[in-house]
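Report on one structure; see the data block that follows.
The values are calculated or read from the model by the stated rules, or taken from the named source; none is laboratory data. Fair warning: this is a prediction, and the values are worked out from it, not measured in the lab. FYI the Cβ positions are ideal-geometry reconstructions off the backbone, even for glycines, and counts take in every protein chain you see.
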Amino acid sequence: MIKIIIATSNPHKLEEINAINSSNDVEFDVIKGSFNPDETGKSFLENAIIKAKEASKITKSYCLADDSGLCVDILDSRPGIYSSRYAPTQKEKIEKLLNELKNIPKEKRTAHFTCSMVLVNGEGEILHTQEGRVEGLIDFEAKGTNGFGYDPVFYIPQYNKTIAELPDTVKNTISHRANALNPMIQWIKENLV
Ligand code: IMP
């Protein structure tokens, strides 16, 4: 059994990661107290590295960080690493996005969520990185109440639903975070357990 600290103080992230993790060999926990390093990187990966190294400095143990966001093709991958800073509230973020895509037809509304994950050891050395994605389309209006962030406008054609209309159990099998975390856990089991 190995214990990995998630580089966040957000319990929601721990909950989601625990829901995805089906291994008995790997246990996750979060940093106690506040944790808010400046995300000054120019990519998801750079920001995840900043968070992972900072967390390892504090905890001196294995740390896993992720950085994620929404990339819309016709907006040249915006909001991208600025997804959480795109507008002040989540409602305004969605309104702004729908407004930017107002006259864009369905076939040109392609987008993906990306998640970059970085695992470091207690000395802050990078052991493994992993990217995960989920592809979809930006819907014409917000639908559903599950999930968070841009989930109400992220439409998955395979299910004919937005992520916010899908139960957590489905989101946790198809999400960018699951697509990064599952191979990351596999790597941990093969190399550290
Ligand atoms: P973080 O790096 O996980 O904190 O995510 C940055 C921002 O990307 C969040 O504030 C959300 O706006 C957006 N985001 C990341 N993951 C998701 C998701 O699973 N659903 C919807 N929005 C997400």
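Here are some notes:
- Residue that is farthest from Lys32 (Cα to Cα), among those in the range 1-12 that are within 11 Å of the ligand (Cβ to nearest atom) and surrounded by fewer than 17 Cβ atoms within 10 Å (Cβ to Cβ): His12
- Any hit, the range 52-68, residues being away from the ligand (no atom under 11 Å from the Cβ), among the hydroxyl-bearing types (Ser, Thr, Tyr) and on the phi > 0 side of the Ramachandran plot: no
- Checking each residue in the range 140-184 for being under 19 Å from Val72 (Cα atoms), among the acidic types (Asp, Glu) and surrounded by fewer than 21 Cβ atoms within 10 Å (Cβ to Cβ) picks out only Glu141.
- Failed item in (1) in contact with a strand residue (DSSP E or B) (Cβ under 9 Å, 6 or more places away or on another chain); (2) more than 20 Å from Ile5 (Cβ to Cβ); (3) not charged (D, E, K, R), with Ser56 passing the rest: (2)
- Number of the condition not met by Asn36 [criteria: (1) at pLDDT 95 or above; (2) more than 25 Å from Lys189 (Cα to Cα)]: (1)
- For the range 101-142, a tally of residues being under 19 Å from Leu45 (Cα atoms) and of a type in the set (Val, Ile, Thr) returns 6.
- Qualifying residues in the range 140-181 (those that are touching a helix residue (DSSP H, G or I) at 6+ places or on another chain (Cβ under 7 Å) and touching a residue at least 60 places away in the same chain (Cβ under 8 Å)) - the one nearest to the ligand (Cβ to nearest atom): Gly149
- Residues in the range 107-125 that are surrounded by fewer than 14 Cβ atoms within 10 Å (Cβ to Cβ) and farther than 13 Å from Asp73 by Cβ: Gly122, Glu123, Glu125.
- Residues (free of Cβ contacts under 8 Å to residues at least 40 places away in the same chain and either in contact with a Phe, Trp or Tyr (Cβ under 7 Å, 6 or more places away or on another chain) or surrounded by 18 or more Cβ atoms within 10 Å (Cβ to Cβ) (or both)) located in the range 126-139: Gly136, Leu137, Asp139
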